[in-house]
Amino acid sequence: MQNTLLTIKRYTLDEFEAFINLPEHEGRRFEYISGEIVGVSSKQIASFIAAKILILIGLYLHENDIGFLTGADGGYKIAGERYIPDVAYMSYTRQAEVSNEGYNSIPPELVVEVISDLDNKRERASLRRKVVNYLREGIIIWVVDPQDRLVEVYEPDQPVKIFDEHDTITAQNLLPDFVLKITDIFPPQTEEDSDEANI
């Protein structure tokens, strides 16, 4: 997910709430990160990958009705800030029903953040801040790198794990017996893509 810094000043949370409720911002998505108001958008490949992950976990949850997912419009209150992960999972044990809040006050248990632009320094800095705060809330984070076709997995009190297309990811404590093949979430590579990757 690509973050576009809209301001250089720091805003209070009340000012953020007033900003996002302006009529001209209806239908737009914003995050509140380190006092900054950040507009949220995604490149098509990031949206594609997030949708694939949402579908694959969604199919699992259709057969195992233990929780629900939100997509790239579902906001959460995380460590006093406001985030919109590309995909988030919440078990019924933690929250029995889907929230009607704009930013759910109950943190999810698993989030997926797909990097939209590796060259965007603001996006990388925002993502680092978000990972730190997700971990503070006890959340597992999957950070997807579309360019190198990797997934970084962050868990509280654990070293980061990096998975490539030969690997699978599980989240046994949250999604028993669910297995995600990394190769299933990326678009097929052309010969040109493979040649560039080998340079």
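The alpha-carbon positions of region 1-154 define a convex hull whose volume is 111 Å³ per residue. If you plug the beta carbon distance of LYS161 and GLU24 into 1/(1 + (r/R0)^6) with R0 = 35 Å, you get a FRET efficiency near 0.25.
Sorting TYR60, TYR89 from the fewest to the most surrounding beta carbons within 10 angstrom yields TYR60, TYR89. Under the combined filter of DSSP loop state and at most 14 neighbouring Cβ atoms within 10 Å, region 75-158 retains these GluC sites (Glu not before Pro): GLU97, GLU101. What fraction of the DSSP beta bridges in the chain is antiparallel, stated in percent and rounded to the nearest 5? Roughly 80 percent of the beta bridges in the chain run antiparallel, per DSSP. Using C-alpha pairs under 8 Å with a sequence gap of at least 6, the mean separation divided by the residue count of the chain gives a relative contact order of 17 percent. Here r is the Cβ-Cβ distance between ASP14 and SER91 and R0 is 30 Å; the resulting FRET efficiency, rounded to 0.05, is 0.40.
No value in this document is a laboratory result; all are computed from the given coordinates. Bear in mind the structure is a predicted one, so any value in this text is a computation, not a measurement. In this analysis, Cβ positions are derived from the backbone assuming ideal geometry, glycine residues included, and neighbour counts consider all displayed protein chains.
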